[in-house]
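Before any comments, here is the structure.
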Amino acid sequence: MFKYTLDNKRYHTLNYFYKNKFGKKVFKVPLDLGLDCPNKMSGGCIFCSNNSKSNITLNEANILEQFNHAKKIMEKKWPNSYYIAYFQAGTNTYGPLAYLKKQVDVVLNIPNVVGISIATRPDAINNECLNYLKELNKKTFLTIELGLQSSNNETLKYINRGHDVECFTQMVKKLQKENIFVVAHIINGLPYETKEDMLNTVKYLNNLKIDGIKIHALFINKNTELAKRYEKEKFSILTRDEFVDIVCEQLTYLDEKIVIERITGDPIIEELIAPHWLTKKFVVLNEIDKEMVKRNIYQGINTKA
């Protein structure tokens, strides 16, 4: 059995990582600071619907109310757990640093909070913020989640990402220098990308020695620039079988110590145009498990000499 799992998976699960690190069940509590995204000034990413919210976040409430609301829901399934405060929505290092500090101080004073996870962009962490993150990392287990989406600069231009791969590389190295845990977000199935492009993205991240990864499947939401282009250009969208095939191979190129924090997406059904197979999340996860068994492959087997 693969050693970095408690769930009979063939990849390094987040559940294993947290239990091994903290000694008990840990869950993330999604929070919304109400911060915007700097890329919106240039039109924003074409897939963004400005609705990057958790279904259990009271995004109009203050941070403490949001936390207690989500905690109450999660504790029904996982009582007596530890928590990671997850600043999920928006670009959480974009805006006044004093505001971020204030919100972090609130959650750090909540009992059993053992870490902070901050979602942001590689072009949205200035030197003052980096110095703060360095100090914060000494107080708690800090994770910085950075959106990359693809290692192909032509793709990044097409989706109007607002930064290039070199920007991502430089920020990861700055964070690694301060021993901060870094998680990269990627999207499989971006328009006109080949399977080779998607494999190259995880190979690039593996070489960069990231700590964790979130793998998403592209989905098209209503009222987005992506939806307009899909209607006009009719580019292909990954089928479920194609996505499963790509993810299984991607995992083999990621070092076994890299934590797989997410392996599919969670579209909001009412906003979704395509693909509808993504609404059956656990079917996708089960198909990945079955395919890895069928191929007799594990995370990292293609990274070993």
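May I ask you to list the residues in the stretch 149-186 that are part of a strand (DSSP E or B) and out of contact with any Lys or Arg (no Cβ under 8 Å at 6 or more places or on another chain)?
Within the stretch 149-186, Phe181, Val182 meet the criteria.
So Leu33 clears everything in (1) more than 18 Å from Ile116 (Cβ to Cβ); (2) at pLDDT 90 or above; (3) assigned to a loop (DSSP other than H, G, I, E, B) except one condition, right? Which one?
(1) is the only condition that Leu33 fails.
Between a first residue in the stretch 222-245 that is free of Cβ contacts under 8 Å to residues at least 60 places away in the same chain and a second residue that is surrounded by 12 or more Cβ atoms within 10 Å (Cβ to Cβ) and of a type in the set (Lys, Arg), which pairs have beta carbons less than 9 Å apart while being 6 or more apart in sequence or on different chains?
So the pair list comes out as Phe235/Arg229; Arg240/Lys280; Glu242/Lys195; Val244/Lys290; Asp245/Lys195.
Determine whether Lys290 is within 20 Å of His12 (Cβ to Cβ), of a type outside the set (S, T, N, Q) and at pLDDT below 95.
Against the criterion (within 20 Å of His12 (Cβ to Cβ), of a type outside the set (S, T, N, Q) and at pLDDT below 95), Lys290 does not qualify.
Collect the residues in the stretch 85-129 that are over 25 Å from Phe27 (Cα atoms), more than 20 Å from the chain's Cα centre (by Cα) and among the charged types (D, E, K, R), keeping them in residue-number order.
Across the stretch 85-129, the qualifying residue is only Glu128.
If you check Val202 against the conditions, is it under 18 Å from the mean Cα position of the chain (by Cα) and over 17 Å from Ile118 (Cα atoms)?
It is true that Val202 is under 18 Å from the mean Cα position of the chain (by Cα) and over 17 Å from Ile118 (Cα atoms).
Select from the stretch 281-305 the residues that are under 19 Å from the mean Cα position of the chain (by Cα) and farther than 15 Å from Ile246 by Cα and write down the one among them that is surrounded by the most Cβ atoms within 10 Å (Cβ to Cβ).
Result: Lys281.
Of everything in the stretch 104-130, what is surrounded by fewer than 21 Cβ atoms within 10 Å (Cβ to Cβ) and either touching a strand residue (DSSP E or B) at 6+ places or on another chain (Cβ under 8 Å) or in a helix (DSSP H, G or I) (or both)? Give them in sequence order.
Across the stretch 104-130, the qualifying residues are Asp105, Val106, Leu108, Ile110, Asn112, Val113, Val114, Asn127, Glu128, Cys129, Leu130.
If a residue must be modelled with pLDDT of 90 or more, surrounded by fewer than 20 Cβ atoms within 10 Å (Cβ to Cβ) and touching a Leu at 6+ places or on another chain (Cβ under 7 Å), how many such residues does the stretch 71-103 contain?
Counting residues in the stretch 71-103 that are modelled with pLDDT of 90 or more, surrounded by fewer than 20 Cβ atoms within 10 Å (Cβ to Cβ) and touching a Leu at 6+ places or on another chain (Cβ under 7 Å) gives 0.
Within 16 Å of the chain's Cα centre (by Cα), at pLDDT below 95 and under 18 Å from Arg262 (Cα atoms), is that true of Phe219?
When the stated conditions are applied, Phe219 passes them.
Would you mind telling me which numbered condition in (1) in contact with a strand residue (DSSP E or B) (Cβ under 7 Å, 6 or more places away or on another chain); (2) closer than 29 Å to Thr169 by Cβ Tyr298 fails?
Unmet for Tyr298, out of (1) in contact with a strand residue (DSSP E or B) (Cβ under 7 Å, 6 or more places away or on another chain); (2) closer than 29 Å to Thr169 by Cβ: (1).
The values are calculated or read from the model by the stated rules, or taken from the named source; none is laboratory data. Just so it is clear, the model here is predicted, and its values are computed rather than measured. With ideal geometry, Cβ positions are generated from the backbone for all residues, glycine too; neighbour counts draw on all protein chains shown.
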